[in-house]
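Single-structure report; data block below.
What follows is calculated from the coordinates using simple rules that are stated; it is not laboratory data. Predicted, not measured: the structure shown is a model, and the values here were computed from it. Every residue, glycine among them, receives a Cβ derived from its backbone with ideal geometry; neighbour counts consider all protein chains shown.
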Amino acid sequence: MKDYEREYPLFSACGLNCGLCPRYHTKGTSRCPGCAGKGFEKVHPSCGVLSCSQREGVDYCYLCDEFPCKKYHNADQADSFITQKNQLKDLERAKSIGLKEYQSELDRKVDLLEFLLNNYNDGRRKNFYCIAVNLLPLSDVDDIIKVVEEKISPHDIELKSKIEQVVVLFKDKAQQRNIDLTLRKKPLCEAK
């Protein structure tokens, strides 16, 4: 996988939205450049999905004749740094609306996430915002940001109070949609 770079690293070959991952938005040495972005091999020296996609000659798993293959068995049951709850759903969405349209939607979500991180982050909200923006539909995130800009931003109250209000907006919308905004740990392996 050495020297392999993807044109659009914000959406991974396996369907993760790298542009909405906390590690993508990290400033330090643990920053991930996204799926096969510049320097990806230093952070992730091997990736079975990327190796497979290169062998099969496809940029995204949904383009493979064997999709979804055994690599996706229980893939959406646990999370890593980024939520994997919508991994297959996002691949299917890219397939159904077209990659360019999906990238446009993801770019918009990344912009909205960056707005939140730059203006409503007390140093403890990055993971929450990454999960919320990733799991909620774009229209919901757009609606929340409009409320933030119109009803929260203009008020002369301390940042902590503003952040609490923004978090409540996301939690309320997630509850309406029956979406859990927490990362799920991988289950412990059973002894054989």
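Cα centroid distance between segment 114-192 and segment 57-90, in Å?
Each part's Cα centre sits 24 Å from the other's.
Can you put R125, R184, R55 in order, fewest other beta carbons within 10 Å first?
Final ranking by Cβ density, sparse to dense: R55, R184, R125.
Can you give the FRET efficiency for F115 and K160, using 1/(1 + (r/R0)^6), R0 = 22 Å, r = Cβ-Cβ distance, to the nearest 0.05?
The calculated FRET efficiency here is 0.75.
Kindly put V43, V168 in sequence by how many other C-beta atoms sit within 10 Å of each C-beta, fewest to most.
V168, V43
State, to one decimal in nm, how far the label point of K185 lies from the label point of S46, with both points 7 Å from Cα in the Cβ direction.
Each label point is offset 7 Å from its Cα along the Cβ direction, giving 2.7 nm.
Which pairs break 27 Å Cα to Cα here: K70/K185; K27/K71; K100/K185; K100/K171; K38/K160? Spell out each step's value before the answer.
Working: K70/K185 21 Å; K27/K71 31 Å; K100/K185 32 Å; K100/K171 30 Å; K38/K160 36 Å.
Exceeds cut-off: K27/K71; K100/K185; K100/K171; K38/K160.
On alpha-carbon atoms, Rg over Rh for segment 18-176 using Kirkwood Rh? Let's see the in-between values first.
Details: Rg = 17.3 Å, Rh = 17.2 Å.
Reported Rg/Rh (Cα atoms, Kirkwood Rh): 1.00.
Provide T182, T26 in ascending order of the number of other Cβ atoms located within 10 Å of each residue's Cβ, fewest first. Don't skip to the answer; put the middle values down first.
Values: T182 10, T26 13.
Ranking T182, T26 by Cβ neighbours within 10 Å, fewest first, gives T182, T26.
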